[in-house]
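> Let me give you the structure first, and then I'll get to my questions.
The values are calculated or read from the model by the stated rules, or taken from the named source; none is laboratory data. Not measured: the values here are computed from a predicted model. Counting neighbours? That spans all protein chains shown, and the Cβs are built from the backbone with ideal geometry, glycine included. Protein only, heavy atoms only, side chains kept; ligands, DNA and RNA dropped before computing areas. Shrake-Rupley method; radii C 1.70, N 1.55, O 1.52, S 1.80 Å.
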There are 2 protein chains.
Amino acid sequence: MTGPSTPARGLEDVVMADSAISLVEGERGWLVYRGFDIGELMEGPSFESVVHLLVLGTPPGSESLADLVSSLGRNRPLPRSLELGVDAMAPTVPPMDALRTMVSLLGDGTVAFPPTVEQGLRLIARSPTLLARHVRRGAGESPVAPRSDLGHVANYLWMLSGETPEAARVRALERYFILLADHGMNASTFALRVVLSTQSDLMSAATAALAALKGPAHGGAPAKVVEMFDAIGDPAAAPAWIDSALTRRERLYGFGHRAYKVEDPRSVWLKRIAREVARPERYRLAEAVERAGLDALSRSKPGHRLFTNVEFYAAVVLEAVGLSRELFTPTFALARTAGWAAHALEQSKDNRLIRPDVRYTGADRGRRWPGPAAAAGAMRMEPETKGP
Amino acid sequence: MTGPSTPARGLEDVVMADSAISLVEGERGWLVYRGFDIGELMEGPSFESVVHLLVLGTPPGSESLADLVSSLGRNRPLPRSLELGVDAMAPTVPPMDALRTMVSLLGDGTVAFPPTVEQGLRLIARSPTLLARHVRRGAGESPVAPRSDLGHVANYLWMLSGETPEAARVRALERYFILLADHGMNASTFALRVVLSTQSDLMSAATAALAALKGPAHGGAPAKVVEMFDAIGDPAAAPAWIDSALTRRERLYGFGHRAYKVEDPRSVWLKRIAREVARPERYRLAEAVERAGLDALSRSKPGHRLFTNVEFYAAVVLEAVGLSRELFTPTFALARTAGWAAHALEQSKDNRLIRPDVRYTGADRGRRWPGPAAAAGAMRMEPETKGP
């Protein structure tokens with residue numbers, strides 16, 4: 001056994017860098033993007049404006065917003081070589097796995113370190129086109145070309161369905177995109193930074209971020225919330241169903257988050273958005289499940305303050321705007337590409353290889369290989385060690 | 001500004017976990033796989049035996065080695081759906097980018113968390129087939145089907161060239177594979193663990209590892225060593241060339257490693273292997289460049305003990321066994337898949353989300369959005385915050 005330190009498991013509470021992008025204050029329920037409280041961003045700005053804020057560092061002026069909107073629009077269509085790559089994938093590949101592979105395809109040797117704003121906007125603009133194309137293939141439908149006259153979120157819904165989406169749905173999903181756009185040093189953003197720290201390229205780093213976001217401990221579980229709603233079916237059935245699940249020691253999805261000791265501010269907003277856009281009976285069921293879950297958890301873990309997390313009402317919102325369950329996690333990823341682009345630019349400004357240590361707890365050095373060559377006393381080569 | 005701690009930049013010296021796989025003792029020049037010094041593994045065991053050691057935890061018995069060899073052989077051929085995916089990529093995509101995309105294609109929804117030995121062996125077995133197929137497409141050549149009668153490394157060379165490789169070349173490359181198979185908590189292995197910590201799947205995690213390995217600060221620079229040799233051309237020209245490069249403040253590739261204060265034991269062995277397989281004039285040039293580089297660096301950084309790192313003689317070995325430069329980093333990756341499989345299994349045994357913190361240094365909370373909606377005094381929604 002070597003190394004004096006006790007491992008910092010999960011690197012919890014280890015501060016790995018300074019960052020000016022977002023502040024997560026779990027004790028107070030704050031989420032702040034470059035000084036703007038998330039609530040401040042729920043009314044005025046478009047997703048594109050928040051992209052400007054995160055990636056370029058400031059709220060846009062009208063000219064710089066027009067430039068950014070036009071750059072996103074220009075980057076939406078896929079070059080033919082990329083379409084061929086997408087269309088060669090088996091249509092049965094789940095959308096999140098497909099998105100990881102397709103963003104990797106964006107890294108075709110033309111994207112060099114260090115990351116640029118233009119590369120970041122390409123990632124943000126092109127990911128929805130890739131995803132929508134694959135999802136429509138999976139459904140046996142032909143692709144819908146992007147429209148540059150629609151906003152980012154409206155165009156995403158358009159490419160999925162081929163129908164111009166209603167304003168209320170667009171606005172609900174746009175606020176979801178803003179709420180999910182960044183969140184401090186989460187696991188996918190961290191994976192992105194680890195990759196960039198080797199001076200690898202932005203698309204490689206975003207691929208790694210997607211690989212991490214897929215996991216149910218990060219972004220891969222919101223569909224399970226809707227599955228729970230369906231299994232419960234009726235508000236009155238919620239308490240018994242929850243108690244029975246807890247008795248069977250099943251995990252309740254949509255409750256609890258490592259960073260928040262008070263209610264996640266995103267949950268507060270998503271609940272409000274859900275109330276506006278979800279079918280009333282669905283919203284009532286969600287509320288009943290929330291209440292039953294919190295009651296049961298406070299009984300089983302007295303003293304703990306537990307809340308629904310971002311996944312809970314996010315699932316209600318995403319369902320209400322018409323997204324199928326398998327699109328929940330990839331849609332989260334589309335929102336988060338904004339934060340990834342911002343973190344990539346920040347990481348590359350003051351780059352240092354990210355490489356923690358481990359404490360070796362394996363067999364002691366000096367074991368002899370039991371194979372025939374050693375046993376036969378075959379001539380061994382000894383290295384000419386130069387070190388002390 | 002929030003958070004009391006000073007950031008641990010690059011997480012240097014932060015111990016993030018216990019690991020029984022490999023010991024890197026930079027002060028003493030040790031590299032140990034599960035108790036076996038790397039020198040002990042240079043004579044007896046095959047790469048397959050070292051895979052057994054790393055992934056399954058013990059040196060193989062003859063029966064368990066036969067099982068592992070047969071599993072690797074069975075996994076070499078690609079299913080047709082995967083061949084279609086590979087062949088749809090532009091042949092101009094650099095091999096390292098292509099390998100990242102192709103390993104991502106292995107994660108097609110059928111590979112679930114937690115990782116298994118069988119999944120690890122599939123990753124190890126299939127990666128060379130994917131890489132060789134793409135490289136031959138890039139050269140306008142038809143693919144060469146894998147052979148199950150050849151060892152792992154011999155089969156890789158076979159699939160690249162379609163010719164049965166000489167035993168000396170195979171053995172040199174096999175020792176390279178063993179030397180590069182694992183190395184503690186390097187950046188790619190760390191990226192793999194970050195991804196797995198979200199309970200994402202092994203192929204997603206290996207994709208992230210490939211994304212990290214690509215960077216020149218990790219595995220992406222060995223080809224630059226050969227470029228340097230070509231630029232120097234003649235042993236006698238080495239000192240002047242090196243001095244001039246240092247005067248221009250250019251980075252010398254192949255010198256120095258964060259972890260080693262003495263000579264990297266892998267370099268010692270790779271130099272010996274290089275002497276055996278490289279053309280004598282190439283080896284003499286490499287030696288002259290090494291000497292000139294170390295002389296110049298010790299003059300410019302007196303008191304520092306500097307050595308060539310693993311990339312320096314690795315480049316000589318890889319060139320000598322007939323690999324083109326663009327294959328250097330992907331070949332490193334193929335060797336490292338063994339370590340990645342081992343670390344994936346270890347990580348998933350005691351899994352906890354890997355998620356460090358950042359210290360927020362951005363604008364203070366409370367900024368007001370300057371857009372028209374706010375300016376017009378549009379009705380704002382306030383969240384019903386439930387926390388204290």
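> Quick one: B:G162 ticks every box in (1) more than 8 Å from chain A (Cβ to nearest Cβ); (2) on the phi > 0 side of the Ramachandran plot; (3) under 16 Å from the mean Cα position of the chain (by Cα) except a single one, so which number is it?
(3)
Yes/no matrix, rows are residues, columns are (1) buried (at least 22 other Cβ atoms within 10 Å of the Cβ); (2) modelled with pLDDT of 95 or more; (3) closer than 22 Å to B:P330 by Cα; (4) β-branched (V, I, T):
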site	(1), (2), (3), (4)
B:R80	no, yes, no, no
B:P91	no, yes, yes, no
B:M96	yes, yes, yes, no
B:T101	yes, yes, yes, yes
B:T110	no, yes, no, yes
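> Moving on. Please state which of the following conditions A:S300 fails to meet, knowing it meets all the rest: (1) within 30 Å of A:V111 (Cβ to Cβ); (2) at pLDDT below 90; (3) of a type in the set (S, T, N, Q).
The one condition A:S300 does not meet is (1).
> While we're here: Please work out if B:L210 is part of a helix (DSSP H, G or I), touching a residue at least 12 places away in the same chain (Cβ under 8 Å), open to solvent by 40 Å² or more (accessible area, probe 1.4 Å) and not hydroxyl-bearing (S, T, Y).
When the stated conditions are applied, B:L210 does not pass them.
> Let me ask you something else. Looking at (1) among the hydrophobic types (A, V, I, L, M, F, W, C); (2) more than 30 Å from A:A217 (Cα to Cα); (3) at pLDDT 50 or above, which is the one condition that is false for B:V358?
(2)
> Inspect the stretch A:354-368 for any residue being in contact with a helix residue (DSSP H, G or I) (Cβ under 8 Å, 6 or more places away or on another chain), part of a loop (DSSP other than H, G, I, E, B) and within 30 Å of B:G44 (Cβ to Cβ) and give the result as yes or no.
The answer is yes; a qualifying residue exists.
> Condition first: open to solvent by less than 30 Å² (accessible area, probe 1.4 Å), within 7 Å of another protein chain (Cβ to nearest Cβ) and of a type in the set (S, T, Y). Now tell me which residues in the stretch A:5-47 satisfy that.
A:S19
> In addition: Can you go through A:R272, A:R282 and tell me which one is in contact (Cβ under 8 Å) with a residue 12 or more places away in the chain, in a helix (DSSP H, G or I), open to solvent by 20 Å² or more (accessible area, probe 1.4 Å) and among the basic types (K, R)?
A:R282
> Among the residues of the stretch B:62-90 satisfying the criterion of being touching a His at 6+ places or on another chain (Cβ under 9 Å) and facing another protein chain (nearest Cβ under 10 Å), which is farthest from B:V170 (Cα to Cα)?
B:M89
> Every residue in the stretch A:238-268 that is within 14 Å of another protein chain (Cβ to nearest Cβ), of a type in the set (V, I, T) and in a helix (DSSP H, G or I), please.
Scanning the stretch A:238-268 gives a single hit, A:V268.
> State which residue is surrounded by the most Cβ atoms within 10 Å (Cβ to Cβ) when the search covers only the stretch A:215-237 and only residues that are more than 16 Å from A:D182 (Cα to Cα) and within 8 Å of chain B (Cβ to nearest Cβ).
Checked the stretch A:215-237; the qualifying residue surrounded by the most Cβ atoms within 10 Å (Cβ to Cβ) is A:G215.
> Could you pull out the residue among B:E319, B:E326, B:E287 that is in contact (Cβ under 8 Å) with a residue 24 or more places away in the chain, open to solvent by 60 Å² or more (accessible area, probe 1.4 Å) and either in contact with a Lys or Arg (Cβ under 7 Å, 6 or more places away or on another chain) or part of a helix (DSSP H, G or I) (or both)?
B:E326
> Going residue by residue through the stretch A:147-156, is there one that turns out to be in a loop (DSSP other than H, G, I, E, B) and among the small types (G, A, S)?
Yes, some residue in the stretch A:147-156 is in a loop (DSSP other than H, G, I, E, B) and among the small types (G, A, S).
> Given (1) open to solvent by 50 Å² or more (accessible area, probe 1.4 Å); (2) without any contact (Cβ under 8 Å) to a residue 12 or more places away in the chain, where does B:S161 come up short, assuming only one miss?
In the conditions (1) open to solvent by 50 Å² or more (accessible area, probe 1.4 Å); (2) without any contact (Cβ under 8 Å) to a residue 12 or more places away in the chain, B:S161 misses (2) alone.
> Right, another one. What is the one condition in (1) at the interface with chain A (Cβ under 9 Å from one of its Cβ atoms); (2) closer than 30 Å to B:R355 by Cβ; (3) of a type in the set (V, I, T) that B:T110 does not satisfy?
B:T110 satisfies every listed condition except (1).
> If you don't mind, another one. Within the stretch A:132-147, can one find any residue that is surrounded by 22 or more Cβ atoms within 10 Å (Cβ to Cβ), at pLDDT 95 or above, under 22 Å from the mean Cα position of the chain (by Cα) and more than 14 Å from chain B (Cβ to nearest Cβ)?
yes
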